[in-house]
Every structure is written in C-alpha cells, then in structure tokens.
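Inspection log for the structure reproduced underneath, given as structure tokens.
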Amino acid sequence: MMRAFRLALVAAGLSALSGLAVHAQEAPAAQVQPATPTNPLPSVPPQFAINPPSTAHPPLTTEAPSAPTAAPAVAAVLPHDLSPWGMFMAADIVVKAVMLGLAFASLITWTIWLAKAMELAGAKAAAGRALRRIEAADSLGAAASAAASKSGKLRGAVGELLTAALSETRRSADLGEDGTKERVAIALSRVEARAGRSMARGTGLLATIGSTAPFVGLFGTVWGIMNAFIGISQAKTTNLAVVAPGIAEALLATAIGLVAAIPAVIIYNVFARAITGYRATLSDASGEILRHLSRDLERHHRAVAATPRSASSSAAAAASALVPAE
C-alpha cells in the first residue's frame, strides 16, 4: 500500500512538471504589448535634459481645430475699409444717391453763406454810411448830393430811396403838400420791400435744406437697414459681424443729413436777423428822407406865401410915388 501511495505522488509531480514546461513554451509567443497611455506625454523643451517621448509615449499630435463654416462667409461680407469713404463705396446704390444729394445740399449751403454774407456785409456798410450823410444834410437835395458817389450817381438801396423821393417830388410840384408826402412815403415803402426781397433771395433754400435734409438722411438709413436685414436672412446667421457694415453705411447717411441740415438752420437764422437789421437801416433812411422832404415843402410854402406880400408892398410904394403931392 505504501508503494502504491509513492507511485501516485510521483505521477502527480510529473504531471505538474509537464504543465510548467508547456506554460514556459507558450509565454514568449503570447507576450502582451504594453498599452498606450491614454494621456500621452507632452513635448519637453531640450533645456530640461529629458529624453524625447518613446514609443510607449508617442508625441502629442496637435491638430488645428476645424474652422467654422461661417467664417469664409463673414470674411466675404465684411468690407476691407470701414472708413467713411470705404463705407460709401460699399453702400447700396440708393444709399449712395442719398449721400451724394446731401453732400450737394451741404455744398449749396456753404456757397449761399459765403455769397450772401459778403453781399449783406457790403450792403449794410453802404447803407450805414449813406444814412449818416443824410442825417448831416440840411435838405433833400443836399442829402442826395452827399449820398452820391464820385461819379454823381446814387447807388445802393439808400440811393434808390433818394431817387424815388426826388422823382415823386418833381412829379408832384404843382400838387398839394399832403398828397406829395403820402405818395413819397408809398414809393419809399415799395423800395424798402424790394430791397428786402432782394437781400433775402436764396435764404429760402437754406430753410428748405434745414428742414428736409434730416428726413432724406433717415430715408437712406431705413433703406440701408432694410438691406442689412435682408442680408441676415440670406446668410442664415445672426452674427453681428455680418450685419454691422450695412448698419454702419445706413447710419452714415443720417450723419451726412445732419451735417447738411444743422449748418443750414444756423445760417438761415443768422441771415434772418441780419436782414431784419438791414431793413431797419433802410427804414431809418426813409424816415430821414421824409423829414427832409417835409422841411423842403414847408420852406417852399413859406417862400410862395412871402412872394405876393412883397409884391403888393412894392406896388403900393410905386403907386404912392406916382400920386402928386398937394
């Protein structure tokens, strides 16, 4: 029995040794490759003296993020120049027409300002000089001679007033004094009104530009914003970069409208006050002319009244001389 137990132990040992031999033969063939780490090591600068990544730790590959699909469209929509001139060139044809019209209106405004300022300044200075000469004269004829130019002609609005008064006085020489004064006053008022209308010519255009230019610019703004929203619907994006250039171009039209309107309103108000002062100077000149006319008519009346009295006294003296003394 002991012999059988020994044989069983020997058989078990042999079987265990054979199993170990089989496993030793299969182990080299079934070598498992090391797993690649999920978090690969980043690249290290050479100054740290660290070996480059091995096959176990491959280098980190940085792939460029894919660009959004809308970027090329945005780059195509945005203009290269966002200056006022660039926005004007990139604007819609209707917005361009509005901007050009407003720029032309602004040019007209400054042209009227330059021409009318020179005309008004010269007319006011000439009227002031003529008024001072008329006030220093003693009669209507002397006032006309003092206000005349070196060539002897009456010029300017005050010259027209003197010419009208002298002409009406000559035509009414055989008529009454009151009627003459009334007719001269009417003639002077007509000359004043004509001079005022002549000086105010062109200022009505300033009023028109000042009142309509903001609304014209607003029309260009509305048209530009409408086109911007149409572009949003076509691009199918709500990115502000897509619609910003169109809105900027539209707002530029409103800015140009204000640039044309604000100076026009200011210049119109300045000219209105200046023309009122000019007409007041002409009214003062008319008053001085009427005063001279009134004095001249009264002197003439006294001279006519004194002439018959002197004639009758001389006739009585001649008659008494003819009567013989007793």
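The values are calculated or read from the model by the stated rules, or taken from the named source; none is laboratory data. Computed from a predicted model, the values in this text were never measured in an experiment. Here Cβ is always computed from backbone atoms with ideal geometry, including for glycine, and neighbour counts include all displayed protein chains. Calculation scope for accessible area: heavy atoms of the full protein, side chains included, ligands and nucleic acids excluded. Shrake-Rupley method; radii C 1.70, N 1.55, O 1.52, S 1.80 Å.
In segment 106-162, what residues are polar (S, T, N, Q), at pLDDT 90 or above and open to solvent by 60 Å² or more (accessible area, probe 1.4 Å)?
Within segment 106-162, THR111 is the sole residue that qualifies.
Scan segment 132-142 for residues that are more than 18 Å from VAL184 (Cα to Cα) and hydrophobic (A, V, I, L, M, F, W, C) and jot them down.
The answer is ALA136, ALA137.
Filter segment 187-201 down to the residues that are of a type in the set (A, V, I, L, M) and under 32 Å from the mean Cα position of the chain (by Cα), then identify the one that is surrounded by the fewest Cβ atoms within 10 Å (Cβ to Cβ).
Per the stated criteria, the residue is ALA200.
Restricting the search to segment 143-153, which residues are without any contact (Cβ under 8 Å) to a residue 60 or more places away in the chain and under 21 Å from HIS300 (Cα atoms)?
ALA144, SER145
ILE289 - would you say it is touching a residue at least 40 places away in the same chain (Cβ under 8 Å), closer than 30 Å to GLY210 by Cβ and either in contact with a helix residue (DSSP H, G or I) (Cβ under 6 Å, 6 or more places away or on another chain) or open to solvent by 30 Å² or more (accessible area, probe 1.4 Å) (or both)?
no
Can you tell me how many residues in segment 163-186 are of a type in the set (A, V, I, L, M) and either touching a Phe, Trp or Tyr at 6+ places or on another chain (Cβ under 8 Å) or open to solvent by less than 30 Å² (accessible area, probe 1.4 Å) (or both)?
Within segment 163-186, residues that are of a type in the set (A, V, I, L, M) and either touching a Phe, Trp or Tyr at 6+ places or on another chain (Cβ under 8 Å) or open to solvent by less than 30 Å² (accessible area, probe 1.4 Å) (or both) number 3.
Restricting the search to segment 219-239, which residues are open to solvent by 40 Å² or more (accessible area, probe 1.4 Å) and closer than 11 Å to LEU102 by Cβ?
Of everything in segment 219-239, just one residue is open to solvent by 40 Å² or more (accessible area, probe 1.4 Å) and closer than 11 Å to LEU102 by Cβ, namely PHE219.
Read through the list (1) touching a residue at least 40 places away in the same chain (Cβ under 8 Å); (2) open to solvent by less than 40 Å² (accessible area, probe 1.4 Å); (3) farther than 30 Å from ALA260 by Cα, then give the number of the only condition that ILE209 fails.
Only one criterion is unmet by ILE209, namely (3).
List pairs: first in segment 268-280 and of a type in the set (Val, Ile, Thr), second in a helix (DSSP H, G or I), Cβ under 8 Å, 6+ apart or cross-chain?
ILE275/LEU120; ILE275/GLY196; ILE275/MET199; ILE275/ALA200; ILE275/THR203
Could you please let me know if GLY204 is small (Gly, Ala, Ser), within 24 Å of THR281 (Cα to Cα) and surrounded by 12 or more Cβ atoms within 10 Å (Cβ to Cβ)?
no
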